[in-house]
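Asks: The following block contains the structure, expressed as structure tokens.
Every read-out reported here was derived from the displayed coordinates using simple, explicitly stated rules and does not represent laboratory data. Only a predicted model underlies this, so the values are computations on that prediction, with no experimental measurement involved. Because the Cβ atoms are built from the backbone with ideal geometry, glycine has one as well, and the counts that use them run over all protein chains shown.
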């Protein structure tokens, strides 16, 4: 076990010899200096745990030595005990103000000095332990931050690119995870029969678990939209995959749709998700539908809905991170405010500015998707 290192500083040789003898008998490793400058020279070569220093010394006195040692990081903040013949309170306060940890008044009792040094050594040891633990936590934090950043990049790679999906269908969106990685996920792609399948989902919770489930949803949807033609069939497949790969604590709200470009209609299912919006002729239509959250039971009770989908129609998909955002008064942004905003504005950047005007604090992921069918 490494010995506790003590530096004794005093311009009286007799005191140095006495303290050195008794401290060594207590198994401390002891260094001695007859003045402040000699003490600083020793500290350049050795890291000590405790300093016992006289207050009154020529050149660099105990107060100056304490100020130097406590102000420079290279000395690693040793426990500093001041020895003084002064008994007035002002000198003690002055020393404590500049960082002295303890005071012993001369003439001193050797046993008291040993007890104070031992206490200081324990405090210093505890400080070192805390410092090392903090360093370990910082290393762990740094490692986790790097892993979360990688996970965030991976999750963003699952999101479709903005722009054209086909010659007539294009997509734009806002996607802002609450904590780098989140539980919101969406996708849009062309099916083998030429139709356009899409979904938006919100996994309960945040963080890594929610992000993993979001990735499972994306992969399941990719398979399902290739294997099945209708939103109902796709939802059944996604629900089955979710039940097989997650625990009972994870649920998902989801909206799945298929745009039939031949018949110019939108078929969709809504399972525990907020009503989505269809903008047609400048007006917003709510896309309602029955259905509970998926990932709970294999008996998925949902009803497929159907509405016309014409050129220049805009489909708006979102998650409740927007509608449940609150301002300073605790008022929710709400679906009606979002609906009114989307009636007035098509540009999502402008929409985001309005949302941020209402609130600057978001406790949930923010997702708003715009799918437009262009005119021929």
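Asks: When Rg is the radius of gyration of the Cα atoms in the chain and Rh is its Kirkwood radius, what does Rg/Rh come to?
Replies: Across the chain, the Cα-based Rg/Rh ratio is 1.35.
Asks: How do the peptides 283-291, 140-148 rank, highest first, by the average count of neighbouring beta carbon atoms within 10 Å per residue?
Replies: Ranked from most to least packed, the peptides come out as 283-291, 140-148.
Asks: Further, regarding this structure: Run the Debye formula on the Cα coordinates of the range 60-200, all scatterers equal and no solvent, and tell me log10 I(q)/I(0) at q = 0.14, 0.16 1/Å.
Replies: -0.82, -0.94
Asks: Over the chain, with a Gaussian network built from C-alpha contacts below 10 Å, which listed residue (341, 266, 278) shows the highest mean-square fluctuation?
Replies: Residue with maximal mean-square fluctuation among 341, 266, 278: 341.
Asks: Quick one, what does Rg over Rh come out to for the range 158-373 if you take C-alpha atoms and the Kirkwood Rh?
Replies: Dividing the radius of gyration by the Kirkwood radius yields 0.94.
Asks: Per DSSP H run of n ≥ 4, the term is -39500 (n - 2.57); total these for the chain, divide by its residue number, and report the mean residue ellipticity at 222 nm rounded to 500 deg cm²/dmol.
Replies: -13000 deg cm²/dmol
Asks: In percent, how large is the relative contact order of the chain, given Cα pairs closer than 8 Å and 6 or more residues apart?
Replies: For the chain, the relative contact order is 12 percent.
Asks: For Cα pairs less than 8 Å apart in space and 6+ apart in sequence, what is the mean separation divided by the residue count of the range 158-373, i.e. the relative contact order in percent?
Replies: 23
Asks: Could I ask something else about it? How big is the gap, in Å, between the Cα center of the range 157-172 and the Cα center of the range 186-235?
Replies: First find each Cα centre; the distance between them is then 15 Å.
Asks: Can I get the semi-axes of the range 301-376's equivalent ellipsoid? Compute them from the C-alpha gyration tensor as square roots of 5 times the eigenvalues, in angstrom, largest first.
Replies: Sorted largest first and rounded, they come to 26, 16, 10 Å.
Asks: Which peptide among 192-202, 305-315 comes first, and what is the full order, when sorted by highest mean count of other Cβ atoms within 10 Å?
Replies: Order by mean packing, descending: 192-202, 305-315.
Asks: Please build a GNM for the chain, connecting alpha carbons under 10 Å apart, and tell me which residue among 357, 246, 297 fluctuates the most.
Replies: Highest fluctuation of the listed residues: 357.
Asks: Residue 301 to residue 324: extension gain in nm, 0.36 nm per residue of separation minus the Cα-Cα distance?
Replies: Extending this stretch completely gives an extra 5.7 nm.
Asks: Restricting things to alpha carbons, find the Rg to Rh ratio for the range 156-286 using the Kirkwood radius for Rh.
Replies: My calculation of the ratio gives 0.95.
Asks: Here is a further query. So if I take the centroid of the Cα atoms in the range 325-376 and the same for the range 1-80, what is the distance between those two points in Å?
Replies: 65
Asks: Based on a Kirkwood Rh over C-alpha pairs, give the Stokes-Einstein translational diffusion coefficient of the range 5-133 at 20 °C and viscosity 1.002 mPa s in µm²/s.
Replies: Result for D is 148 µm²/s.
Asks: Set the Förster distance to 35 Å, then compute FRET efficiency between residue 146 and residue 190 from the Cβ-Cβ distance, nearest 0.05.
Replies: FRET efficiency, residue 146 to residue 190: 0.45.
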